[in-house]
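Have a look at the structure below, then the notes.
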Amino acid sequence: FYQNDDIVKAQKIKKCILEDEWCDKVTYFLQIIEHIWQMLREVDKEGPMLHKVYDMWDNMIEKIQNIIFRHEQKNVALDDSEFFDYVHRFLVGRWNKSNNPLHCMAHSLNPKYYGQIWLARGTVVFLLIKIQKYQKIGRY
C-alpha cells in the first residue's frame, strides 16, 4: 500500500530495512530488550518470586551493561558510557517507583543467604509467624 501512495517514501523504507547498519541497530536494541523481557517472564510465574527479584534485577542490569560496553568497545571497569548511564538511571528510576520495604524483607528472608545451621534454628519461621500475627491485628 505504501508503493501506491508514495513511491519515494516506499523506496526509502525499503532501503533502510535492507541496510546492514539498520539491521545492526535493531539487533543491538533487541539484545538489550531481551534481558528485560527475560526478567519479566521469570517474575511472571506461579509461586513466590518476590524474594528473587533483587538478584534478577541486578543480573539484568549487569547483562545490559556488558552488551552496551561491548557494543561501544569499552572496558566496563575502566571506561564510562553515557548511554549506559542513561539506561541505568532509567531502570533505577523505574525500580524506585515500585520498590518498597516488603521487597527488602522478602529478599533478606531468601534462604540461599543463610547457612543450614541458622535455618535449622527456626529463626525464619519465628519471624514469619510474627509477621502473620501483625497482619491479622492490622498493624501492617
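List the helices (runs of 4 or more DSSP H) that sit entirely inside the stretch 63-128 and contain at least 1 residues that are over 19 Å from Trp37 (Cβ atoms) and modelled with pLDDT of 75 or more.
Numbers: elements: 82-98, 101-108, 116-120.
Passing ranges, in order: 82-98.
Scan Lys15, Lys25 and give me the residue that is within 23 Å of Asp80 (Cβ to Cβ) and surrounded by fewer than 14 Cβ atoms within 10 Å (Cβ to Cβ).
Lys25
Suppose the filter is in contact with a Phe, Trp or Tyr (Cβ under 8 Å, 6 or more places away or on another chain) and assigned to a helix (DSSP H, G or I); does Trp22 pass it? Talk me through it step by step, then tell me what you get.
Working: in contact with a Phe, Trp or Tyr (Cβ under 8 Å, 6 or more places away or on another chain): no; assigned to a helix (DSSP H, G or I): yes.
No: the conditions fail for Trp22.
Of the conditions (1) within 30 Å of Asn100 (Cβ to Cβ); (2) open to solvent by 60 Å² or more (accessible area, probe 1.4 Å); (3) assigned to a helix (DSSP H, G or I), Tyr54 clears all except one; give me its number.
That leaves (2) as the condition not met.
For the stretch 31-49, what are the residues that are β-branched (Val, Ile, Thr) and either open to solvent by 80 Å² or more (accessible area, probe 1.4 Å) or within 25 Å of Phe69 (Cα to Cα) (or both)?
Ile32, Ile33, Ile36
Residues to consider are Lys74, Lys63; find the one that is open to solvent by 60 Å² or more (accessible area, probe 1.4 Å), in contact (Cβ under 8 Å) with a residue 12 or more places away in the chain and not aromatic (Phe, Trp, Tyr). If you could, list the steps in order and put the result at the bottom.
Values: Lys74 fails: in contact (Cβ under 8 Å) with a residue 12 or more places away in the chain.
One residue alone meets the criteria, Lys63.
The values are calculated or read from the model by the stated rules, or taken from the named source; none is laboratory data. Everything quoted here is computed from the prediction, not taken from an experiment. Every residue, glycine among them, receives a Cβ derived from its backbone with ideal geometry; neighbour counts consider all protein chains shown. Calculation scope for accessible area: heavy atoms of the full protein, side chains included, ligands and nucleic acids excluded. Shrake-Rupley method; radii C 1.70, N 1.55, O 1.52, S 1.80 Å.
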